[in-house]
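Worksheet: one structure, shown below.
Nothing in this text is a laboratory measurement; each read-out follows from the coordinates by a stated rule. The model shown is predicted, which means the values in this text are computed figures rather than measured ones. Please note: Cβ atoms are built from the backbone with ideal geometry, for glycine as well, and neighbour counts cover all protein chains shown.
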Amino acid sequence: MVPNGYLSPEYAQSLAEFGEIVRLPRSGIRLLRRDIDGVHHDLCGLYPYAMARDWAAIAEDIAELREGDAVSLVLVTDPFAAERCDWPTIAVWDMCRPFKPHQVVDLGRDWRGERKKKLRYLTRRALAAQRVGPVENPGDYATLLWKFYRRTIDRFGLTGIQAMSEAAIADQLAVPGAALIVAHDEEGPTGAMLCFDHGHTSNSHLLFLSDRAERLGTSYALYYGCLEAAEDRHCRLVNFGSGAGAVDDPGDGLLRFKRRWANREAATWLCGAILDRNRYTELCRQAGTANDDYFPAYRTT
């Protein structure tokens, strides 16, 4: 079976500007090899989380990595694998703790009827002003969606891997398993949502909004359109992700919005392994850090 979405080599390659792509041979996880100081390097999972062909095999992959030259490994686990894995014991982690819960819609339930009255009203109003649905050729929208995403970068001050380039977004629109839902009004596209399917599950990946999207309630139209389109593709679960930033903030506006749609949560875990303890300790000493809240501790971002 051809690997789709976050499991595909095409998705990994879209992030190659942030580091060399490394694939773990047993678990199938793809990572970024990041430079530390011009001499040493470490490994991190792809954004927004790592997916594996076989999570149970990661212990063997880590054992092999300890024989290599990487200093550490850090990743966020796939939320749909949470119920199948005992993360603290699945590998010899030096750090393993619950991360941000993700907001999931179980399409086998009455997700339309479960929504609160106000959400149903706002959705109807948004859909009355716009038509929304999947498109056959997502790549045709690459230039426009980059323009929309630049608004998001500027508005929220995104940096690093979240501040994706125009080329990265164009590449991701062509990833196997990609589904693009687009909203239009009489002036043209008002926004879009890019999702990646993995079997019977789908992950909302990026949201693109025009400068008139807030006035039109485009987010409501896109979330509804995403769920309807996922039903048509015979998906069972749709993951809308979590809130912004690296900290779980219950007051985050984006998280509150996603919770209004969700009818269940899925856990993610932040997992880290020290692969070369002597170098790790020395890098922490040089950086003047001993931060238990961030892994690896010699980095601040």
Derived scalar couplings ³J(HN,Hα) [the stretch 118-128; Karplus, 6.51 cos²θ - 1.76 cosθ + 1.60; whole Hz; x for Gly, Pro]: 5, 5, 4, 5, 5, 5, 4, 5, 5, 6, 6
Spherically averaged projected area in nm², based on the convex hull that wraps the Cα atoms of the stretch 52-126: 7.9 nm²
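Is the shape of the stretch 1-52 rounded, prolate or oblate, going by the alpha carbon gyration tensor and its root eigenvalues a ≥ b ≥ c, with a/c under 1.5 for rounded and a/b larger than b/c for prolate?
Numbers: a/c = 2.49, a/b = 1.86, b/c = 1.34.
Since a/c reaches 1.5 and a/b is larger than b/c, the shape of the stretch 1-52 is classed as prolate.
Can you give the calculated 222 nm mean residue ellipticity of the chain, where each DSSP H run of n ≥ 4 adds -39,500 (n - 2.57) and the sum is split over every residue, rounded to the nearest 500 deg cm²/dmol?
Mean residue ellipticity at 222 nm (helix-derived): -9000 deg cm²/dmol.
Could you work out the longest stretch of the chain that avoids the trypsin sites (Lys or Arg not before Pro) located in DSSP loops with at most 11 other Cβ atoms within 10 Å?
Details: sites that count: R109, K116.
With a cap of 11 other Cβ atoms within 10 Å, the longest stretch comes to 117-301.
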log10 of Debye I(q)/I(0), alpha-carbon scatterers only, for the stretch 50-195 at 0.21 Å⁻¹: -1.32
Of the chymotrypsin sites (Phe, Trp or Tyr not before Pro) in the stretch 131-175, those whose Cβ has at most 13 other Cβ within 10 Å and which sit in DSSP loop: none
Karplus 3J(HN,Hα) series, Hz, for the stretch 36-46 with 6.51 cos²θ - 1.76 cosθ + 1.60 (x for Gly, Pro): 9, 9, x, 10, 9, 9, 9, 10, 9, x, 5
Among A70, M193, A129 the positive-end extreme of the charge dipole of the chain (Cβ point charges): A129
Spin-label model distance (nm) - E114 vs R23, 7 Å beyond Cα toward Cβ: 3.6 nm
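What are the GluC sites (Glu not before Pro) within the stretch 164-254 that DSSP puts in a loop, where the Cβ has at most 10 other Cβ atoms within 10 Å? Numbers along the way, then the final one.
Details: sites: E166, E186, E187, E214, E228, E231; in loops: E186, E187.
For GluC sites (Glu not before Pro) across the stretch 164-254 that sit outside H, G, I, E and B with at most 10 neighbouring Cβ atoms in 10 Å, the list reads E186, E187.
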P(r) of the stretch 103-266 over all Cα-Cα pairs, binned every 10 Å from zero, in whole percent: 10, 40, 40, 9, 0
Under Karplus coefficients 6.51, -1.76 and 1.60, residue-wise ³J(HN,Hα) of the stretch 262-276 in Hz, glycine/proline x: 6, 10, 6, 10, 10, 7, 10, 10, 9, 10, x, 10, 8, 8, 9
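Kirkwood Rh over alpha-carbon pairs of the stretch 1-114, then Stokes-Einstein at 37 °C and 0.692 mPa s: what D in µm² s⁻¹, rounded to an integer? Could you put the intermediate results ahead of the total?
Working: Rh = 15.5 Å.
For the chosen part, D equals 212 µm²/s.
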Dipole moment magnitude, nearest 20 debye, the stretch 103-266 about Cα centre, only Lys, Arg, Asp, Glu C-beta charged: 840 debye
For the chain, the Rg and Dmax computed from alpha carbons only, in angstrom: 19.8, 62
